[in-house]
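For reference, the structure is listed below as structure tokens.
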Amino acid sequence: MVFRMRVSILEPKGAIWEGMAGQVILPALEGQMCVLDFHQSFVVRLKKGNISTSGVKIAIKDGIAHMRSNILTVFAQR
């Protein structure tokens, strides 16, 4: 699998995880959301749950995810 999407998961204190991924699963308010590389641009609010990507699972309380130009940035509270 070729990883093409840049992912940054951040909290107020700094980066939690940064890397390349082909898929990220987010706990969106409307339900679980799977983001693949080259996904359409969006901004979505996150609820308590787990962010999963590249074998990493990160628990969050809430946050906001922003996707644009194949870069996914997640601002989260843990």
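Would you please name the residue that is surrounded by the fewest Cβ atoms within 10 Å (Cβ to Cβ), looking only at residues in the range 16-42 that are small (Gly, Ala, Ser) and in a strand (DSSP E or B)?
First, the residues of the range 16-42 that are small (Gly, Ala, Ser): 19, 21-22, 28, 31, 41.
Now narrow it down to the ones that are in a strand (DSSP E or B): 19, 21, 28, 31.
Numbers: Gly19: 13, Ala21: 21, Ala28: 17, Gly31: 8.
If we take residues in the range 16-42 being small (Gly, Ala, Ser) and in a strand (DSSP E or B), then Gly31 is surrounded by the fewest Cβ atoms within 10 Å (Cβ to Cβ).
If you go through the range 59-78 and keep only what is among the small types (Gly, Ala, Ser) and more than 11 Å from Val35 (Cβ to Cβ), you end up with Ala59, Gly63, Ser69, Ala76.
Candidates are the residues of the range 51-70 that are closer than 12 Å to Ile16 by Cβ and touching a residue at least 12 places away in the same chain (Cβ under 8 Å); the one that is surrounded by the fewest Cβ atoms within 10 Å (Cβ to Cβ) is Ala59. Could you check the range 1-14 and list, in sequence order, the residues that are surrounded by fewer than 13 Cβ atoms within 10 Å (Cβ to Cβ) and either closer than 13 Å to Leu72 by Cα or in contact (Cβ under 8 Å) with a residue 40 or more places away in the chain (or both)? Residues satisfying the conditions are Arg4, Pro12.
Each reported figure results from applying straightforward, stated rules to the coordinates on display, with no laboratory input. On a predicted model such as this, the values are computed, not experimentally measured, just so you know. Reconstructed Cβ throughout: ideal geometry from the backbone, glycine too, with neighbour counts over all protein chains shown.
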